[in-house]
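Here's the structure, in structure tokens; my notes come after.
The values are calculated or read from the model by the stated rules, or taken from the named source; none is laboratory data. Since this is a predicted model, take the numbers as computed values, not measurements. Note that we place each Cβ from the backbone using ideal geometry, even for glycine, and neighbour counts take in every protein chain shown. Each accessible area value is taken on the protein alone, full model and side chains, heavy atoms only, with ligands, DNA and RNA left out. Shrake-Rupley method; radii C 1.70, N 1.55, O 1.52, S 1.80 Å.
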Amino acid sequence: MEQISQLVETIKKGIQEKKGSRIVVADLQGIDGAICSYFVICQGSSPAQVEAITESIGDFANKELGEKPTKVAGLENAQWVAMDYGDVLVHVFLPDVRDYYDLEHLWDDAELTHVPDLD
């Protein structure tokens with residue numbers, strides 16, 4: 001479990017490195033049928049920033065923990081990129097796409113942690 005927590009922290013650092021905003025960590029561990037332990041959700045203001053955030057997350061996770069995602073989907077249009085780290089799924093959105101899918105509220109019974117944006 002400690003390794004998963006370290007991965008979540010490292011992912012947050014990767015997001016913040018590229019000025020990703022509105023980071024939310026959804027703890028799904030206590031939810032029956034959840035597909036993973038955590039969702040990490042954030043957004044970038046443009047497709048280029050979404051791509052940069054995705055790359056930064058991958059770099060931080062690989063350099064600090066030796067972790068690589070098993071799958072990355074959505075880079076073609078960079079409106080919603082999903083990164084699968086097994087126990088942690090990362091979602092990097094454009095703001096309007098994030099608002100439309102509203103993943104944070106899809107899991108109403110998850111504990112949500114809102115990470116303050118860096119200035």
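With a 1.4 Å probe and all protein chains in place, put Y85, Y101 in order of accessible area, largest first. Could the numbers behind the result be given before it?
Working: Y85 20, Y101 110 Å².
Sorted descending by solvent-accessible area, the residues read Y101, Y85.
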Can you give the Rg to Rh ratio of segment 68-107, both from alpha-carbon atoms, with Rh computed by the Kirkwood formula?
0.99
Over the chain, give the accessible area per residue in Å² for a 1.4 Å probe, as an integer.
55
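Could I get the Rg over Rh figure for the chain? Both from C-alpha atoms, Rh via Kirkwood, rounded to two places.
Details: Rg = 13.0 Å, Rh = 14.0 Å.
Using Cα coordinates only, the ratio equals 0.93.
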Approximate spin-label separation I4-Q79, in nm, with each point projected 7 Å along Cα-to-Cβ:
3.2
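Dipole of the chain, Cα-centred, from +1 at each Lys and Arg C-beta and -1 at each Asp and Glu C-beta, to the nearest 20 debye? Kindly include the intermediate steps, with their values, before the conclusion.
Working: 9 positive and 22 negative charges, 84 e Å.
The dipole of the chain has a size of about 400 debye.
Can you pull the percent of segment 11-83's accessible area that's carbon plus sulfur, 1.4 Å probe, other chains left in place?
Working: 1660 of 3580 Å².
It is 46 percent, rounded to a whole number.
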